[in-house]
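Read the structure below first, then the notes.
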Amino acid sequence: MWSLFQLLDDDCVLGILDVGASLIHAPPYAKLVAANRARLVGFEPDPVECEKLNLHFGGAHRFYPFFIGDGKEATYHQTNWVATGSLYEPDTPLLEKFANLAEVVTPEAQIRVATTRLDDIADLGDIDFFKIDVQGSELNIFRNARSVLEQTLVIQTEVSFVEMYKDLPLFSDVDSFLRANGFRYHRIDGFGTRPFRSPPAPVLMGKRQQQLWSDAIYVKDWMRLDRLPPAKLRKYAAIVHDLFDSYDLAQAVLVEHDRQTGQRLADRYARRFGIAAPDGTSPGVARPDPAAGPDDEMLIETGAGLIYSAPATLACISTFALLEQERWFEIEADFLDRYLADGMTVIDVGANIGLYAVPMATAVGVDGRVFAYEPGTANRRHLERNIELNGLGNVDVSSCALSNYEGTAALNIDASGELNSIVAADADLSTTESVAVTTLDAEMERTRWTSIDFVKIDAEGQEARIVAGSRRFLQDFSPLIMYEVKHDEDTRGEQLRWTFAALGYETYRLLGDGSMLVPVACDERLDVFQLHLFAAKPDRAQKLAASGLLALSIGSPVLADSERAKALAAMLNQPYARSFEISLDDIEPCPFSDALARLCRQSLPGWPGAGTALRDAGSGLPRPQRVLRGQCQPCRSGDPGQGRQRPGIPPDKHCGPEPGCADVRNCDRPSILSGVATLRNSRSRRHAGSLVQGCRIRAVGTQSHPFVAVRIRHVPARGAEVAMRR
């Protein structure tokens, strides 16, 4: 969505106060900082987290390791997770009533600390937006920050609906105080829910669980806007527009601004939504035009009963796959469903909108945990929404990118969120976000993991750096690791296999039917549609082998002719063999085609020759619905290797082999045995991979043509034709 700051002067900068600041979750104001429209003052008592904040934001932004409160000494109740420590004592019996709650609020120590009143800090400056999240101390801090509240326009505060800590002030207490001090409740932002745990009965994951906490948004009383000066009104409108998408409230504030100043800012605001003022002098009721902002949310239910929020555009690979196949296309998802079990702990690096995180959270159950890392703001919003839609209380979401260092980086935002990638800081890209970067080694220290069963790494080129920043993690734990393969000229995929080998991890790939993992040599050439590889230490591999999910070794048995013929027939009967048809003239050699050629040319007694095998296989394939060079016709000349020429086809081209014709190199008839085209663009490869594994498409033309035309075999009442441009 466009920023309201585009209508304001360059000197309009917000003063932002963040009490309980942390990089565990992305702050709502991050994009304002990136646009140099905010000045931050923050407080985070944990010195390590505070130092990270200063390193992350730097510049004129300041963070201090102070406990904010009433100016008196207090007891800090340290827990096993930095985000749940509080000046209030955890109510453990109550916490144990809910799944996955007491486990992250386990008391560890009590520390006497000094607190500071906000009103006693002289250099806070003018505050416009106040964010606070301090595990129950919000009301006490508000009571000792009356001068700050007089300046503040919008407050985002955590509120509690249940006394998770002893004597904890609840939402009603905070609400009464803020209403008495000139604020009105605006809306809830996010939900903190957990299912009840009633042992020995199993935990039931309902869609409507107990709400325990949330963030609440309060705004300066909109019935008294006339008491605010124009400068404050401009900031008020900018906050509710840019941070909370409250366009109607922003418009109301701008109308008051124009009444005081005689300007036409509200008119300009309405026109940005494509709606003109009805009388040319005052704006009408404006509703955002979807085309003017980000794509609307689309809710999609999968065949497994999961619900996903996804961008409402087919440019997004996730949306495309969910609509077309009612699931994520990668067969690895099916394998993980069989591997993951109750109580496991998994890590999802590059979680995107949650197409792996959500089913993994379901698979590991309420006693398991999923730690999802997604630095892209838009992706993360969908991810958090999908966690909520599916009633999951066992997923922790982090806004950090993972690499081999701690600091910041520029994240390039692609039209399809799956392809977001870390880029050079000086890259000439207009669609970037500044994101926090950390390592798995640092996360291991912060979260105090005791065991990790599975790690998924899909970080668009950062995989090697992530592994480099995980040496201690990989040494201390023995997870099964799934990582994305890059088929680039620098053979990063092969280098990563050698890296894992040096760390004691062996490499595996998933068989095409998704049944089990089989070993892969470090220098083994891979098919370009091999999107993922797996790595595991011998102890983990032994456990997988005992479960029938992994083969520790692969032999090379000599098959009888009948067995070999049966295997070839089975392969040709696979849906993709009949659906993905590519002209021989357009493809590059790949391991798949090489293997087939070797198979057909083996000199075994009674085994048909290469030409016969190719001819028999080609005759079983249906004709394409569309051929870019013209319609194929079988050869009728009767001469082996010759085909009947058709108008518009060069004389050196032929149109389909007649039975007995062994020369397929000059044949325009597509054949799966000619191999699979190498799609250089990662998006095209991802789309093609999803379609091949989905077995519902027919594609014609590849390398030598400017586009790939794809006709989808649709489920009932759903149809479209997609052209993927290079």
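The values are calculated or read from the model by the stated rules, or taken from the named source; none is laboratory data. What you are looking at is a predicted structure, and each value in this text was computed from that prediction instead of being measured. So basically every Cβ, Gly included, is an ideal-geometry build from the backbone, and we count neighbours across all protein chains shown.
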Worksheet item: Could you list, in sequence order, the residues of region 22-36 that are free of Cβ contacts under 8 Å to residues at least 60 places away in the same chain and either among the polar types (S, T, N, Q) or touching an Asp or Glu at 6+ places or on another chain (Cβ under 8 Å) (or both)?
Response: N36
Worksheet item: If we scan region 496-511, do we find a residue that is part of a loop (DSSP other than H, G, I, E, B), under 20 Å from F335 (Cβ atoms) and modelled with pLDDT of 65 or more?
Response: yes
Discussion item. Here is a list: T75, T79. Which entry is of a type in the set (S, T, N, Q), more than 30 Å from the chain's Cα centre (by Cα) and at negative phi?
Written reply: T75
Worksheet item: How many residues, within region 82-102, are within 29 Å of the chain's Cα centre (by Cα) and modelled with pLDDT of 95 or more?
Response: 0
Worksheet entry | Flag for L118 being touching a residue at least 12 places away in the same chain (Cβ under 8 Å) and out of contact with any helix residue (DSSP H, G or I) (no Cβ under 6 Å at 6 or more places or on another chain) | no
Worksheet item: Which of the residues belonging to region 103-132 are at pLDDT below 95 and buried (at least 22 other Cβ atoms within 10 Å of the Cβ)?
Response: V105
Worksheet entry | The lone exception for A361 - which of (1) part of a helix (DSSP H, G or I); (2) at pLDDT 85 or above; (3) more than 25 Å from F473 (Cα to Cα) it fails | (3)
Practice prompt. Test L55 against the stated conditions and say whether it is part of a helix (DSSP H, G or I), surrounded by fewer than 18 Cβ atoms within 10 Å (Cβ to Cβ), assigned by TED's automatic domain parsing to the domain that holds D173 and modelled with pLDDT under 95.
Written response: yes
Discussion item. Take the conditions in contact with a helix residue (DSSP H, G or I) (Cβ under 6 Å, 6 or more places away or on another chain) and either surrounded by fewer than 19 Cβ atoms within 10 Å (Cβ to Cβ) or of a type in the set (A, V, I, L, M, F, W, C) (or both) and apply them to F529. Does it pass?
Written reply: yes
Worksheet item: If we only count helices (runs of 4 or more DSSP H) wholly inside region 60-168, which ones have 1 or more residues that are within 28 Å of V370 (Cα to Cα)?
Response: 92-95
Practice prompt. Output the residues belonging to region 446-458 that are part of a loop (DSSP other than H, G, I, E, B) and either closer than 13 Å to D476 by Cβ or in contact with a helix residue (DSSP H, G or I) (Cβ under 6 Å, 6 or more places away or on another chain) (or both).
Written response: R448, W449, T450, S451, I452
Practice prompt. Of the numbered conditions (1) loosely packed, with under 14 Cβ neighbours inside 10 Å; (2) touching a strand residue (DSSP E or B) at 6+ places or on another chain (Cβ under 7 Å), P200 fails exactly one; give the number of that condition.
Written response: (2)
Fill in: Exclusive hit being modelled with pLDDT of 95 or more and not assigned by TED's automatic domain parsing to the domain that holds I132, set R234, R264
R234
Fill in: Hits in region 35-86 - residues which are under 26 Å from D128 (Cβ atoms) and polar (S, T, N, Q)
N36, N54
Practice prompt. Only residues that are of a type outside the set (S, T, Y) and crowded, with 20+ Cβ neighbours inside 10 Å: list them for region 229-242, please.
Written response: L233, R234, K235, A237, A238, I239, V240, H241, D242
Discussion item. I'd like to know if region 222-231 contains one or more residues that are assigned to a strand (DSSP E or B), out of contact with any helix residue (DSSP H, G or I) (no Cβ under 7 Å at 6 or more places or on another chain) and of a type in the set (G, A, S).
Written reply: no
Item to complete: Please tell me if G303 is among the small types (G, A, S), more than 14 Å from the chain's Cα centre (by Cα) and in a loop (DSSP other than H, G, I, E, B).
Response: yes
Discussion item. Based on this model, can you work out whether T75 counts as among the hydroxyl-bearing types (S, T, Y) and surrounded by fewer than 14 Cβ atoms within 10 Å (Cβ to Cβ)?
Written reply: yes
Worksheet item: Out of (1) modelled with pLDDT of 85 or more; (2) closer than 22 Å to A216 by Cα, the odd one out for L23 is which?
Response: (1)
Worksheet item: If a residue has to be surrounded by fewer than 22 Cβ atoms within 10 Å (Cβ to Cβ) and touching a residue at least 40 places away in the same chain (Cβ under 8 Å) to count, how many in region 135-147 make the cut?
Response: 3
Practice prompt. Within region 244-264, work out how many residues are buried (at least 21 other Cβ atoms within 10 Å of the Cβ) and either outside any helix (DSSP H, G or I) or aliphatic (A, V, I, L, M) (or both).
Written response: 3
Worksheet item: Are there any pairs, at least 6 apart or on different chains, whose C-beta atoms fall under 7 Å, with the first in region 523-552 and on the phi > 0 side of the Ramachandran plot and the second assigned to a loop (DSSP other than H, G, I, E, B) and surrounded by 14 or more Cβ atoms within 10 Å (Cβ to Cβ), and if so, which?
Response: G548/M516
Worksheet item: Restricting attention to region 1-28, which residues are in a loop (DSSP other than H, G, I, E, B) and under 13 Å from D133 (Cβ atoms)?
Response: G20, A21, S22, L23, I24, H25, A26, P27, P28
Worksheet item: Would you pick out the residues in region 160-192 that are β-branched (V, I, T) and surrounded by fewer than 21 Cβ atoms within 10 Å (Cβ to Cβ)?
Response: V162, I188
Worksheet item: Which one of the conditions (1) touching a strand residue (DSSP E or B) at 6+ places or on another chain (Cβ under 7 Å); (2) surrounded by fewer than 21 Cβ atoms within 10 Å (Cβ to Cβ) does G343 fail to meet, given that it meets all the rest?
Response: (1)
Discussion item. Against the conditions (1) modelled with pLDDT of 90 or more; (2) not assigned by TED's automatic domain parsing to the domain that holds L124, where does R62 fall short? Just the number, please.
Written reply: (2)
